[in-house]
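Worksheet: one structure, shown below.
The values are calculated or read from the model by the stated rules, or taken from the named source; none is laboratory data. Keep in mind that this is a model prediction, so the values were computed, not measured. Glycine also receives a Cβ, built like all others from the backbone with ideal geometry; neighbour counts cover every protein chain displayed.
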């Protein structure tokens, strides 16, 4: 049996040391798929002994994450992997999981998956979101699977499954045995740009309208009322926290402005992205007026929550 960590990478040098500080202690091999990184991501992975493969996305109009994960799955199977770890580069296992991780992972049967609490560091690397009023406050996600050798990923641009196949055989790991820490929101300003890029990409994809996109991503908007708590020592002891730097801001701004140029900035006017100063200024410069986002009325959102029992 062989545990292989499968990792899509694009300009993640800020977070990779944290990822490696836990995953390298668990996986027998790390296989990364590099999508034209311009930072030191590849160098960091090479030094850690990871196998790095290039991915050519030049012919993709939109980022196809399902296709990337399928390619990684094929590489993992070719390397003899039987159990796959699917953390992203801005995630790390907590300290209290590492000591019993291999035993837990190797106990899985083909097709069986492990879900773990997905903990979001919030605006820094010391606090995390605990507010149950936010969907990010208390959520489990599938991160580990024992390969059944037949399941594959569907081609999907966003919100793709983290592991292949159905979720019919799940081992839900109690948080006292470990969690996955997600560092994306520790760089809150850059994350706002990243989420704006996701909104723009989904609008171009055309499967959902502006209001539905805004409603889905509204949980990522700035909200000073959300409750946070300090990350427990049992989670972060001997785990490297990522460096909170401004690198990445230019990259996301360039990606978004390229979409503005291709489709016209007013195509995106209805999206809730104009709270970002750089995008707000650009819209006014291009149009000479304020942008107007489109959202569902508050009464309709409240009614929908009641219908689904989400009070």
Number of positions in segment 112-135 that are assigned to a loop (DSSP other than H, G, I, E, B), crowded, with 19+ Cβ neighbours inside 10 Å and touching a strand residue (DSSP E or B) at 6+ places or on another chain (Cβ under 7 Å):
1
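Every residue, every condition in (1) closer than 27 Å to residue 216 by Cα; (2) at pLDDT 95 or above, yes or no:
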residue	(1), (2)
109	no, yes
123	yes, no
181	yes, yes
184	yes, no
188	yes, no
Select from segment 52-70 the residues that are surrounded by fewer than 16 Cβ atoms within 10 Å (Cβ to Cβ) and at pLDDT 90 or above and write down the one among them that is nearest to residue 251 (Cα to Cα).
54
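For (1) out of contact with any strand residue (DSSP E or B) (no Cβ under 9 Å at 6 or more places or on another chain); (2) surrounded by 15 or more Cβ atoms within 10 Å (Cβ to Cβ); (3) assigned to a helix (DSSP H, G or I); (4) without any contact (Cβ under 8 Å) to a residue 40 or more places away in the chain, each residue gets a yes or a no:
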site	(1), (2), (3), (4)
148	yes, no, no, yes
151	no, yes, no, no
155	yes, no, no, no
164	no, yes, no, no
185	no, yes, yes, no
190	yes, yes, yes, no
193	yes, yes, yes, no
Inside segment 204-240, the number of residues satisfying the requirement of being in a loop (DSSP other than H, G, I, E, B) and surrounded by fewer than 16 Cβ atoms within 10 Å (Cβ to Cβ) is 13
Which one of these does residue 26 not meet: (1) surrounded by 18 or more Cβ atoms within 10 Å (Cβ to Cβ); (2) touching a strand residue (DSSP E or B) at 6+ places or on another chain (Cβ under 6 Å); (3) over 30 Å from residue 263 (Cβ atoms)?
(2)
Residues of segment 241-250 satisfying the condition of being surrounded by 17 or more Cβ atoms within 10 Å (Cβ to Cβ) and modelled with pLDDT of 85 or more:
241, 242
Take residue 81 and tell me if it is in the same structural domain as residue 137 (by TED's automatic domain parsing), under 19 Å from residue 161 (Cβ atoms) and outside any helix (DSSP H, G or I).
yes
Going residue by residue through segment 8-20, is there one that turns out to be more than 19 Å from residue 239 (Cβ to Cβ) and not in a strand (DSSP E or B)?
yes
Between residues in segment 259-279 that are at negative phi and touching a residue at least 60 places away in the same chain (Cβ under 8 Å) and residues that are surrounded by 19 or more Cβ atoms within 10 Å (Cβ to Cβ) and outside any helix (DSSP H, G or I), which pairs lie under 8 Å by C-beta distance while being six or more apart or on different chains?
279/273
